[in-house]
Amino acid sequence: MSGPEVEVVDGMQLPDEHRALLRPGEPVEGKEGIVHRLPRFFFSVASWPEAHRIKLAPHLKLSELMMVDSCEADLLLHQFPHYVPCAIVVLARYLESFRREADAAIFVSANGGYRSPAHGLSGNKNVHSWATAADIYRVGDSYLDDEKTIAKYAALADSLGPQVFVKPYAEGDDHLHFDLGFITMTPRECSER
């Protein structure tokens with residue numbers, strides 16, 4: 001990460017109203033009884049200008065992965081600091097690799113990067129709440145709004161390795177869902193005690 005120094009916070013130490021929305025470290029049961037814990041450690045982003053200055057990868061700013069709309073909880077949408085799970089840096093590195101292989105800029109839709117567990121589109125099993133998924137709506141000049149174009153870039157994403165999951169095309173899709181699963185990250189200087 002380059003740009004301004006970003007504070008890392010333990011979600012367990014956040015005020016009650018933030019903890020209720022972010023649910024740090026909380027176990028979430030998904031399909032077939034599989035349980036994953038929500039992220040506990042977050043980058044504390046002081047403002048939108050700061051989010052625009054922070055480069056997660058050579059061609060990707062933090063702001064591009066945290067744009068949400070009014071489906072987000074009011075407190076998390078309108079007040080700073082914003083809290084973004086630390087694993088977003090892993091997603092950014094994979095998206096940078098995807099960009100390199102595509103040899104073109106990539107564009108993530110609003111609500112297509114990190115969204116909190118309280119976001120109206122999230123739900124308990126949504127990997128976007130881990131900050132490890134992105135909905136890509138455009139690569140270079142190509143809009144991903146038809147089966148052929150989505151399949152082309154899905155194959156490219158698949159080539160990055162088995163850890164990358166790409167949702168198969170479904171009628172009406174207008175983006176490529178790219179995710180790394182339920183990764184959580186504990187920065188070196190943080191204790192889980």
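Read-outs throughout are calculated quantities, based only on the coordinates presented, and are distinct from any laboratory measurement. On a predicted model such as this, the values are computed, not experimentally measured, just so you know. In this analysis, Cβ positions are derived from the backbone assuming ideal geometry, glycine residues included, and neighbour counts consider all displayed protein chains.
Relative contact order of the chain: 20 percent, from C-alpha pairs under 8 Å at least 6 residues apart in sequence.
Placing unit charges on the Cβ atoms of the charged side chains and taking the dipole of the chain about its Cα centre, the candidate lying farthest along the positive direction among Ala92, Leu62, Val8 is Val8.
Simple point charges give the picture: +1 on the Cβ of Lys and Arg, -1 on the Cβ of Asp and Glu, and for the chain a dipole about the Cα centre of about 500 debye. Site pair Ala20 and Val35 shows an inter-label distance of 2.5 nm when each label is modelled 7 Å from Cα along Cα→Cβ. Using only Cα atoms, find the angle between the long axis of helix 147-158 and the longest principal axis of the chain, and express it within 0 to 90 degrees, rounded to the nearest 10. Compared with the principal axis, the helix lies near 60 degrees. Modelled spin-label separation between Leu121 and Asp158, with each label point placed 7 Å from Cα along the Cα-to-Cβ direction: 2.5 nm. Close amide H partners of Arg138, meaning residues 5 or more places away or on another chain with modelled amide H under 5 Å apart, are Phe107, Leu144.
Restricting attention to region 1-80, which GluC sites (Glu not before Pro) occupy a DSSP loop and are surrounded by at most 15 other Cβ atoms within 10 Å?
Working: sites: Glu5, Glu7, Glu17, Glu29, Glu32, Glu50, Glu64, Glu72; in loops: Glu5, Glu72.
Hits after loop and neighbour filter: Glu5.
Other residues with beta-carbon under 11 Å from the beta-carbon of Met1 carry, at +1 per Lys or Arg and -1 per Asp or Glu, a net charge of +3. Label point of Asp10 set 7 angstrom out along Cα-Cβ; within region 161-193, amide nitrogens under 19 Å from it belong to 184-193. When you restrict to C-alpha pairs under 8 Å that are six or more residues apart and normalise by the size of region 93-155, the relative contact order lands at 31 percent.
In the chain, the longest principal axis of the Cα atoms and the axis of helix 88-102 are about 10 degrees apart. Cα centroids of region 152-193 and region 85-113: 9 Å apart.
For region 1-75, what is the convex hull (Cα atoms) projected area averaged across all directions, in square nanometres? Please report the intermediate quantities before stating the final value.
Values: hull surface 25.5 nm².
Its Cα hull, projected and averaged over all orientations, spans 6.4 nm².
Among Phe41, Phe178, Phe165, the largest mean-square fluctuation in a Gaussian network model of the chain, built with springs joining Cα atoms closer than 10 Å, belongs to Phe165. Label zone of Thr149 (point 7 Å out along Cα→Cβ, amide N under 12 Å): in region 97-114 this covers 107. If you add up the charges near Ala110, with Lys and Arg at +1 and Asp and Glu at -1, over every other residue whose beta carbon is less than 14 angstrom from its beta carbon, what do you get? In short, -3. The alpha carbon gyration tensor of region 34-96 gives principal lengths a ≥ b ≥ c with a/c of 1.5 or higher and a/b no greater than b/c, which makes the shape oblate.
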